[in-house]
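Chemist: Quick one: this structure, given as structure tokens, is what I'll be asking you about.
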């Protein structure tokens, strides 16, 4: 990164205003937004040349411990997970678990470093990243992600989720491993209650995750109802527990794909519960044929974000931590292409996910931290059309060396 305490982004189009503006940054914060040409000389100038400048991107969902492992595992889990009705989603997770048996920390560090360099290159400055915790992985993934978090601090901020991918009740010892993970530095407690065999066990899974979260005053992230079964109700369980524990606004629901199959009366009741518990939802429409009802949730006032989810692992073949690409794909999969829809889609990869994972003041506004991207294109349509890497990225007030990040990412 360019080590500067003073820089100005010049001649920028903004989403919220007409005309061109200069954005003045001092000591990591935005101190002025003035009409183009009115900012004085600066130590470092970033020329936007009339292109759109916005908040940087935020990814609320990435399995960082498994990036670039698809070649080792093969296509079996991928085929099961992406079958038309997602009826084999549990089988896919069980198939994918074998990749953990041959993993080693050094290879995970190398792959994770590449994925985070991609994030920096594409202007994705904040990530909530999951690491499996179970009898096969132990706490290895958490240890690797904590090391990567420290390495990329101030460049890409990583929130490490200790994630019970294979269950808690059906995977004895995982509860203790989750507690150990929090002690060694995980930031968030993660669960996947629908993977358990009975509703009683699902409820116990939710309870245990919240027990640990309360013990460590930590947020919760759970992958919920991620299969083609309209009878799954673990999102309701999590939201109810969040209300009971006073964890309002501190629980993030991932996937909730079964929601697409829910009858409307139940969906309406669920929306009311999500709003009462201030539960945000992250959807990844590009990684599976079902998805949460993004348009309806957004219209009802539920915070919805979009996540990368996977990068070349058992569940998704592609991915490069490019949230503009995720937005582009989602605009098609969700049929959200009008001007207002593009604004909603863009919010879902910038300000909505920031709110969902507790980032304060992630807005392009005076007084806020300077986390910005200079896009290719003067408006959202052009930026989404090409979903290219930003011409410049500012992270925590400093200019990112995108050439170095590109080299580490091995991105063409």
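Values quoted throughout were computed directly from the atomic coordinates according to the rules given, and no laboratory measurement underlies them. Only a predicted model underlies this, so the values are computations on that prediction, with no experimental measurement involved. We place every Cβ from the backbone using ideal geometry, glycine too, and count neighbours over all the protein chains shown.
Chemist: Taking just the alpha carbons, could you work out the radius of gyration and Dmax for segment 1-157, both in angstroms?
Modeler: Gyration radius and largest Cα-Cα distance of segment 1-157: 21.2, 61 Å.
Chemist: Another one. Work out the P(r) tail for segment 218-285: percent of alpha carbon pairs separated by more than 20 Å, whole number.
Modeler: 20 percent
Chemist: Using C-alpha positions alone, give me the convex hull volume of segment 325-381 per residue in cubic angstrom.
Modeler: Considering the Cα atoms of segment 325-381, their hull volume per residue is 98 Å³.
Chemist: Taking each pair of different alpha-carbon atoms in segment 187-242 once, compute 1/r for the pair, average those values, and report the inverse of that mean as the Kirkwood hydrodynamic radius in Å to one decimal.
Modeler: Every distinct Cα pair counted, the radius reaches 11.3 Å.
Chemist: Find how many whole Å separate the alpha carbon centroid of segment 216-239 from the alpha carbon centroid of segment 89-161.
Modeler: 21 Å
Chemist: Kindly identify segment 71-208 as rounded, prolate or oblate by the Cα gyration tensor criterion: order the square roots of the eigenvalues as a ≥ b ≥ c, call it rounded if a/c is under 1.5, otherwise compare a/b with b/c, prolate if a/b is larger, else oblate.
Modeler: Since a/c reaches 1.5 but b/c is at least a/b, the shape of segment 71-208 is classed as oblate.
Chemist: Please report the base-10 log of the normalised intensity I(q)/I(0) for segment 152-203, using a Debye sum with one equal scatterer per alpha carbon and no solvent, at each q in 0.12, 0.22, 0.29, 0.32 (1/Å).
Modeler: For segment 152-203 at q = 0.12, 0.22, 0.29, 0.32 Å⁻¹, log10 I(q)/I(0) is -0.32, -0.79, -1.08, -1.18.
Chemist: Provide the packing ranking of 73-79, 120-126, 91-97, 265-271, i.e. peptides ordered by the mean count of other C-beta atoms within 10 Å per residue, highest first.
Modeler: Per-residue mean Cβ counts within 10 Å order the peptides as 120-126, 91-97, 73-79, 265-271.
Chemist: Sticking with this one: Mind pulling up the Rg/Rh value for segment 275-319? Radius of gyration and Kirkwood radius, both on Cα.
Modeler: Reported Rg/Rh, Kirkwood definition of Rh: 1.06.
Chemist: From Cα pairs below 8 angstrom and at least 6 apart in sequence, can you work out the relative contact order of segment 329-412, rounded to a whole percent?
Modeler: 18 percent
Chemist: Using the Kirkwood radius over C-alpha pairs as Rh, can you work out the diffusion coefficient of the chain via Stokes-Einstein at 4 °C, viscosity 1.567 mPa s, in µm² per second?
Modeler: For these conditions, the coefficient is 61 µm²/s.
Chemist: Express as a percent, rounded to the nearest 5, the fraction of DSSP beta bridges in the chain (both residues included) that run antiparallel.
Modeler: Bridges in the chain are about 40 percent antiparallel.
Chemist: Further question on the same structure: Using only alpha carbon pairs under 8 Å that are at least six residues apart, calculate the relative contact order of segment 57-356 and give it in whole percent.
Modeler: Computed over segment 57-356, the figure is 21 percent.
Chemist: Post the alpha-carbon centroid distance, segment 327-369 to segment 170-209, in whole angstrom.
Modeler: Here the two parts' Cα centres lie 30 Å apart.
Chemist: Please compute P(r) over all alpha-carbon pairs of segment 258-341, binned at 5 Å starting from zero, and give each bin as a whole-number percent.
Modeler: Bins of 5 Å from zero give 3, 14, 23, 23, 18, 13, 6, 1 percent of pairs.
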